[in-house]
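The structure appears right after this line, and notes come after that.
The values are calculated or read from the model by the stated rules, or taken from the named source; none is laboratory data. The shown structure was predicted, so the numbers you read here are calculated from the model rather than taken from an experiment. Quick reminder, even Gly has a Cβ in these numbers, built from the backbone with ideal geometry, and neighbours come from all protein chains shown.
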Amino acid sequence: MMKQVLILGAGFGGLELAARLSADLSDRVEVTLIDQNDSFVFGFSKFDIMTGHSSAGALRSYYRDITKKGVRFRQERVTSIDPGRRQVATDRGTYQSDILVVALGADLDPAATPGFVEGGHEFYSVAGAEQLEPVLASFTSGKIVVGVLGEPFKCPPAPSEAGFVLHDYFQNRGLRSAVSIRVICPFGSPVPVSAAASDAILRGFAERSIEFLPGRLVTSLDPAAKIAMVKGGPNVSYDLFLGVPVHRVPAVVAASGLAVNGWIPVNPANLATRFPNVYAVGDVTSAPVPKAGVFAESAAKAVAADIATRLRGGAPAAAYDGSGTCYVELGDGRVGRVDANFLTGRNPTGPFFGPSLELAGEKAAFAATRRRRWFRG
Ligand SMILES: Cc1cc2nc3c(=O)[nH]c(=O)nc-3n(C[C@H](O)[C@H](O)[C@H](O)COP(=O)(O)OP(=O)(O)OC[C@H]3O[C@@H](n4cnc5c(N)ncnc54)[C@H](O)[C@@H]3O)c2cc1C
């Protein structure tokens, strides 16, 4: 009897898991992969969209192109999850599974921050980056503030990367001297796991006159006065405010009873939830790793190994290592790499390499490899 595996969410985590189950277990499992969208877009592509370097359409990988053996994709919106029964309802039907994996990511909640919807812009969703593009294009002078509105948030280096992206954008338009750029971040350093990466970012900021304000969170905006209220420091004025919105689990996850204190708790060794035969991977969890695609991917690898051991028997799967190779934009087309590992040693580690043009090529290859692995049979 083939086991029915139901994966909710076809982002970094869901796509990686479907690909691994297809490669390793297609004689034992049938996989149904559900997502409300018709296509996948890498998180880092939003910088290309907001700066007009690329359209969202050109960056999309369409789920209809998935040709993985034993995997069927359904474009449907998940409307309820019963983790005890492993039953899921969508806007099109209902599903019963033997193994359920929740990979629904983190939703953005711009309205959670007073004044932000009226007075700010976000670059964390495709729609937000698209709306920001003409705003940036018509901005010719003044104060830009990039601010984080809540923790945890996806891709800890992203606010700092936005600083470099904005510098290059205005430099290329000959407007850099007319624009000031500030990055407000809740961490004490740009990439807490890597002192070397943080140093490289701060050096780059100093060379480009980008101001970094650590240990602070923006709590609200006064759109009329154009002032951002800052917890942990003085309030700052802005002409253009780019915010990283408050994150939360999708409403359907909150209603399911899976989340505790905001996120789904999992066994860090194998990403199992407290419900039998229900796993959760990626941003939707409170696993002790940052919210980033590469950790969703490594978590999916651990879940695939755990399922394989359970279905085939044999030696227990290795515990999840919490590893991820993070590429960080450092301006001028250069990229740095942090080989982060959160769970193997006593303390998290993050050796840093670069920045270089070679690593920019490696990042492009990273994306191309995923597109092939996730979509081609
Ligand atoms: C600007 C920016 C830069 C980034 N840069 C990087 C980077 O360089 N490296 C990196 O590793 N990470 C990066 N990230 C973070 C990365 O994009 C996310 O952490 C990653 O996508 C999380 O993977 P996931 O599988 O947990 O969730 P997601 O990839 O978000 O996938 C969740 C999926 O669930 C679907 N879904 C949600 N609710 C429902 C529902 N009710 N019904 C059906 N489907 C639903 C969504 O449509 C989505 O496709 C960046 C993010 C941003 C915003």
With respect to VAL294, determine if the residue is surrounded by fewer than 24 Cβ atoms within 10 Å (Cβ to Cβ), within 14 Å of the ligand (Cβ to nearest atom), aliphatic (A, V, I, L, M) and touching a residue at least 60 places away in the same chain (Cβ under 8 Å). yes
Only one of GLY354, GLY331 is modelled with pLDDT under 95 and touching a Gly at 6+ places or on another chain (Cβ under 6 Å); which? GLY354
With ALA200, ALA206, ALA195, ALA178 as the choices, which residue is of a type in the set (A, V, I, L, M, F, W, C), within 16 Å of the ligand (Cβ to nearest atom) and farther than 20 Å from SER220 by Cα? ALA200
Give me a count of the residues in segment 239-253 that are surrounded by fewer than 17 Cβ atoms within 10 Å (Cβ to Cβ) and more than 16 Å from the ligand (Cβ to nearest atom). 1
Looking only at residues in segment 70-90 that are buried (at least 20 other Cβ atoms within 10 Å of the Cβ) and within 11 Å of the ligand (Cβ to nearest atom), which one is farthest from ARG274 (Cα to Cα)? VAL78
Looking at VAL146, VAL236, VAL179, VAL230, which one is surrounded by 23 or more Cβ atoms within 10 Å (Cβ to Cβ) and in contact (Cβ under 8 Å) with a residue 12 or more places away in the chain? VAL146
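Here are LEU100, LEU132: which of them is within 14 Å of the ligand (Cβ to nearest atom), at pLDDT 95 or above and either assigned by TED's automatic domain parsing to the domain that holds GLU16 or surrounded by fewer than 18 Cβ atoms within 10 Å (Cβ to Cβ) (or both)?
Numbers: LEU132 fails: either assigned by TED's automatic domain parsing to the domain that holds GLU16 or surrounded by fewer than 18 Cβ atoms within 10 Å (Cβ to Cβ) (or both).
Checking each option against the conditions leaves just LEU100.
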Whether any residue in segment 104-112 is modelled with pLDDT of 95 or more, within 11 Å of the ligand (Cβ to nearest atom), out of contact with any strand residue (DSSP E or B) (no Cβ under 6 Å at 6 or more places or on another chain) and under 26 Å from VAL126 (Cβ atoms) is what I want to check. yes
Only residues that are within 30 Å of LEU217 (Cβ to Cβ) and either without any contact (Cβ under 8 Å) to a residue 60 or more places away in the chain or part of a loop (DSSP other than H, G, I, E, B) (or both): list them for segment 85-119, please. ALA103, LEU104, GLY105, ALA106, ALA111, THR113, PRO114, GLY115, VAL117
Restricting segment 34-69 to residues that are more than 7 Å from the ligand (Cβ to nearest atom) and among the polar types (S, T, N, Q), the one farthest from PRO157 (Cα to Cα) turns out to be THR67
Residue list for segment 318-348, filter: more than 18 Å from LYS291 (Cα to Cα) and within 19 Å of the chain's Cα centre (by Cα): LEU330, VAL335, GLY336
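Considering each residue of segment 177-207, count those that are among the charged types (D, E, K, R) and either closer than 23 Å to GLU122 by Cβ or in contact with a Leu (Cβ under 8 Å, 6 or more places away or on another chain) (or both), and give that number.
Matching residues across segment 177-207 total 1.
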Would you mind telling me which numbered condition in (1) under 25 Å from ALA319 (Cβ atoms); (2) surrounded by fewer than 15 Cβ atoms within 10 Å (Cβ to Cβ) ARG203 fails? (1)
When THR67 is evaluated against the numbered criteria (1) touching a Lys or Arg at 6+ places or on another chain (Cβ under 8 Å); (2) surrounded by fewer than 21 Cβ atoms within 10 Å (Cβ to Cβ); (3) modelled with pLDDT of 95 or more, which criterion, by number, is the only one it fails? (3)
Mind checking which residues of segment 131-148 are of a type in the set (S, T, N, Q) and touching a Lys or Arg at 6+ places or on another chain (Cβ under 9 Å)? THR140
Are any residues in segment 20-72 more than 24 Å from ALA299 (Cβ to Cβ) and part of a strand (DSSP E or B), and if so, which ones? TYR62
Looking only at residues that are touching a strand residue (DSSP E or B) at 6+ places or on another chain (Cβ under 6 Å) and more than 10 Å from the ligand (Cβ to nearest atom) in segment 8-27, which one is farthest from ALA280 (Cα to Cα)? SER22
